[in-house]
Amino acid sequence: MLQTYAVAGASARTHKYGYKVFKALLAADRKTYPLNPITEEIDGNKAYPKIADLPVVPESLSIIMPPEVTRQVVADAIAAGVKCIWMQPGVEDEQASEFSREAGINVISHTRSLPPRSEQC
């Protein structure tokens, strides 16, 4: 099972899905980094603007961003060496998925498992 995660679109607003995914991963004892370019901290956890700013390369990335942002987030993940990308419903982008698979990254989409099951990612 992968242990290091990043959540692109993690939010400090507790009603947002990005907050719920971030908190679910933490509750599952997974080292999780919030990615949000306009938030400095989420529940005492330093937030990072993008993957390249993280202190480590996460094994898995959950994306909860508008579809028009997904391609850039995926490009950053490929460049960083992320092993698995979990695209939440509504953020899927076929081109981004194709680029990820061509780079050898496992892509999970069309599911809202909180957190992702170990056989998924």
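The values are calculated or read from the model by the stated rules, or taken from the named source; none is laboratory data. Since the structure is predicted, the reported quantities are computational estimates derived from the model, not experimental observations. Glycine also receives a Cβ, built like all others from the backbone with ideal geometry; neighbour counts cover every protein chain displayed. Keep in mind that these areas ignore ligands, DNA and RNA; they rest on the heavy atoms of the full protein, side chains included. Shrake-Rupley method; radii C 1.70, N 1.55, O 1.52, S 1.80 Å.
Quote the FRET efficiency, to the nearest 0.05, computed for Lys83 versus Ala28 with a Förster distance R0 of 22 Å and r equal to the Cβ-Cβ distance.
Numbers: r = 17 Å, r/R0 = 0.79.
Efficiency, rounded to the nearest 0.05: 0.80.
With semi-axes defined as the square roots of five times the eigenvalues of the C-alpha gyration tensor, the equivalent ellipsoid of the range 1-49 measures 16, 12, 9 Å, largest first.
Here each label is just a point 7 Å from Cα along the line to Cβ, and for Val69 and Lys16 those points are 0.7 nm apart. With 20 Å as the limit on Cα-Cα distance, the pairs of Lys31/Lys83; Lys16/Lys46; Lys46/Lys83 that go past it are Lys46/Lys83.
In the context of the full set of protein chains, residues of the chain present 51 Å² of accessible surface per residue (probe radius 1.4 Å, heavy atoms only).
Multiply the residue separation of Arg101 and Val57 by 0.36 nm, subtract the distance between their alpha-carbon atoms, and state the gained length in nm to one decimal.
Numbers: separation 44, 0.36 × 44 = 15.84 nm, distance 1.82 nm.
Here the answer is 14.0 nm.
Taking packing as the residue-averaged number of other Cβ atoms within 10 angstrom, the listed peptides 33-39, 6-12, 49-55 run from highest to lowest as 6-12, 33-39, 49-55. Here the spin labels are modelled as points 7 Å beyond Cα on the Cα-Cβ line, and at Gln3 and Ile38 they lie 3.5 nm apart. Accessible area per residue was computed with a 1.4 Å probe on protein heavy atoms; Asp29 scores about 130 Å².
Based on Cα atoms of the range 4-105, Rg over Rh with Rh as the Kirkwood radius reads 0.93.
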